[in-house]
Amino acid sequence: MKYLIALLVMGLLTNNFVLSKFYGICPFLGVSKKLNTAVGMSAAVIVVMLMATAATYPINKMLINNNLEYLQTVVFILVIAALVQMVEIVLKRFMKPLYNALGIYLPLITTNCAVLGVVLLNVQEEYNFIQAMVNSLGAGLGFMLAMVLFAGVRKKMEDCEVPEFLKGLPITLVAASLVSLSFLGFSGIIEGMGLI
Amino acid sequence: MAEKKSLGKEFTKGLIKENPVLRLVLGTCPTLAVTTSVTNAIGMGVAATIVLVCSNIAISALRKIIPDKVRIPAYIVIIASFVTIVQMLVKAFVPALNTALGAFLPLIVVNCIILGRAEAFASKNTVLYSAVDGLGMGIGFTTALCLMGTCREILGAGTFLNGIQDLLVLFGDNVLGGWNGFDFNNGLSAVNLQPITLFILPAGGFFVFGILMALANKIAAGRGKPKAELHGCAHCPMAGSCTKLLENGEKNGKCGNGDKDGKNGENDKIGERNTEKEGAAV
Amino acid sequence: MKKKFSPKEILVPTIVLLVIGVVAAALLGGTNMLTKEKIASIDEKAKSDAMQTVMPDAKSFGETVEVDEKTEYSPALDADGNIIGYAFTFTENGYGGDIKVMTGVKTDGSILKVEVLSADNETPGLGQNVKKVNFLDRFMNKTGILTVTKNAPSSDNEIQAVTSATISSSAVTRAVNAATEYFENNLKNSETGGNVNG
């Protein structure tokens, strides 16, 4: 249990998926302009991450049993692509309000390296099913935290006078650097909480 | 499309004018993640270049055979196969690089540069041109990574090309007399640098990337070129579906900056196909 | 968007995808066959190299005993097949993930040498510095339970941490402690001194 909490805290704070592991930078820079889109995108990412983890776990077991580990990357990316497509269809058909909220982000997620990244990490670290799910949840929540925080920062930034040559993407990256720096303050929190 | 194309131009455009990292802003994740040392940057760049050239050739050769409807899953399978092959070769022949790059080696699959080039170039051009385009883009990607890596390694670790033997192992043991890069903070070299650790931390990655981007913009502005912006969507094969949804009155979202190429019409079609495509893949 | 599919429209893409998939799988299988042995031998060699590093005097090693997921050890043997120590592998949680540490423990319970097998998830340039020799040498010839300190060590059982990488350093130290402790509790007295498949 302790280990599971540690996994969650690690994904959320000390090893934030976006700010310290650099997964999913594209949506982090692209979709964080407004708070509501940031929340929508990250909610979609969390859902897909959890589903992808649940779906790839037995598939990975199957691959390993048949000595087909080398097919992992190919199979995982196809599973994620198919999954995203299926979620989209199901949501559209049966849960229209949810689809309206999350639908537009779904197609973007297939090529979001955070999802494939978390699935590959779970395999690499040889987590069992529960650990893998918790790790994915932590990663997804970490993604959301980074997105939401950064959306706030960018809102403030809109009112700032930025030197011409830094306007646009460069200043966004510098701001991301500061947000990432602030997360360094959490280092040691796992030890401090006595989770290791 | 077919006007005034020359092999030389296709090659050089990827280096500077359309540098995938600094101008098109593609493949940002590996750019930030693996550039803590120049050695890693070179390793990542070369691996991605090999995948890019191979997948461009394969996709361009098959472009008349692959039906439009299933082209994205087909591309993904082709790219993922090449990535896995490269990964196995790296594991077997440059094992240290495999550990250094970690999950970012298999993640080349979702590097937008590769799928982006497949969709934007290889699917419409001949094999030779696609190969040259892939090579140019790959070298441009590698150059940008090395630039980032150089800044971060020298400032952040006080070394340059540290651990280069891990890569040179490909050419035999003890190439260059076992030289393993410069070390500026061991007190032995003429220059003595106290490293600023911040630069190899994630925060330093964002910072250096921002500054390099600003420089690239400045140079581009001097030549009357527009600023680099997050083009992610314009080159993203999924762009179609989300732009279309946006136009259909969905919430204000991201892909807004994807439409400036005036390719909306085309994107729309892609979107329609996209929604139907993966059914066949399942 | 809603239109009837003709059989051809469904069949052709399916077949093309199938063919691509089969060709890709065949290519991967081929490469896998070619590289599999090489990769396995690299892993094997890395492990035996590390064992030789932590137990430089050993002529050979006995069979590896797997205690649990995170613990294993191999007895180090001299030319006559007598046990002269053990090479322990322990996995501990570092800053970013698992750190795998191999510790060479002599039969008197003192630490011969320490080697970090993997610390891939630690911060490059900070936590990953625990792999460096000048940190690992601090463990040489120590005995008993070690503690980590940020400053210069004031007593014999203190290990100075790598600058700004206390968490990774203490993970390594915990693994080393686990090794000596395991030795004290389970192996020290059961030592038969005889041949272990020498």
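The values are calculated or read from the model by the stated rules, or taken from the named source; none is laboratory data. Quick caveat: nothing in here was measured; it's all calculated off a predicted structure. Note that each Cβ is placed from the backbone with ideal geometry, even for glycine, and that neighbours are counted across all protein chains shown.
Overview of results
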{"item": "Segment B:59-93, residues that are surrounded by fewer than 23 Cβ atoms within 10 Å (Cβ to Cβ) and either among the small types (Gly, Ala, Ser) or more than 10 Å from chain C (Cβ to nearest Cβ) (or both)", "result": "B:Ala61, B:Arg63, B:Lys64, B:Ala92"}
{"item": "Segments classed as helices (runs of 4 or more DSSP H), wholly inside segment B:74-183, with at least 1 members that are under 20 Å from B:Ile16 (Cβ atoms)", "result": "B:112-117, B:127-157"}
{"item": "Residues that are on the phi > 0 side of the Ramachandran plot and either surrounded by fewer than 22 Cβ atoms within 10 Å (Cβ to Cβ) or touching a residue at least 40 places away in the same chain (Cβ under 8 Å) (or both), drawn from segment C:60-109", "result": "C:Gly81, C:Gly97, C:Gly109"}
{"item": "Per-region count, segment A:99-157, residues among the acidic types (Asp, Glu) and in contact with a Gly (Cβ under 9 Å, 6 or more places away or on another chain)", "result": "1"}
{"item": "Enumerated helices (runs of 4 or more DSSP H) restricted to segment A:67-141, each holding at least 1 residues that are within 9 Å of chain B (Cβ to nearest Cβ) and more than 18 Å from the chain's Cα centre (by Cα)", "result": "A:72-94, A:96-102"}
{"item": "Any chance A:Ser187 is touching a residue at least 60 places away in the same chain (Cβ under 8 Å), within 14 Å of chain B (Cβ to nearest Cβ), closer than 30 Å to B:Arg23 by Cβ and touching a helix residue (DSSP H, G or I) at 6+ places or on another chain (Cβ under 8 Å)", "result": "no"}
{"item": "Counted residues, segment A:15-28 - those being at pLDDT 85 or above and in a helix (DSSP H, G or I)", "result": "2"}
{"item": "Residue satisfying condition, being touching a Leu at 6+ places or on another chain (Cβ under 6 Å) and surrounded by 20 or more Cβ atoms within 10 Å (Cβ to Cβ), within set A:Leu91, A:Leu83, A:Leu137", "result": "A:Leu91"}
{"item": "Single condition A:Asn112 does not satisfy, out of (1) under 17 Å from A:Leu19 (Cβ atoms); (2) touching a Leu at 6+ places or on another chain (Cβ under 8 Å); (3) surrounded by 22 or more Cβ atoms within 10 Å (Cβ to Cβ)", "result": "(2)"}
{"item": "Given (1) hydroxyl-bearing (Ser, Thr, Tyr); (2) in a loop (DSSP other than H, G, I, E, B); (3) away from chain A (no Cβ under 14 Å), number of the condition B:Thr35 does not satisfy", "result": "(3)"}
{"item": "Of all residues making up segment C:162-174, the number that are within 21 Å of the chain's Cα centre (by Cα) and either of a type in the set (Phe, Trp, Tyr) or within 12 Å of chain A (Cβ to nearest Cβ) (or both)", "result": "8"}
{"item": "Breaking point among (1) over 19 Å from A:Ala82 (Cβ atoms); (2) away from chain C (no Cβ under 12 Å), for B:Val110", "result": "(1)"}
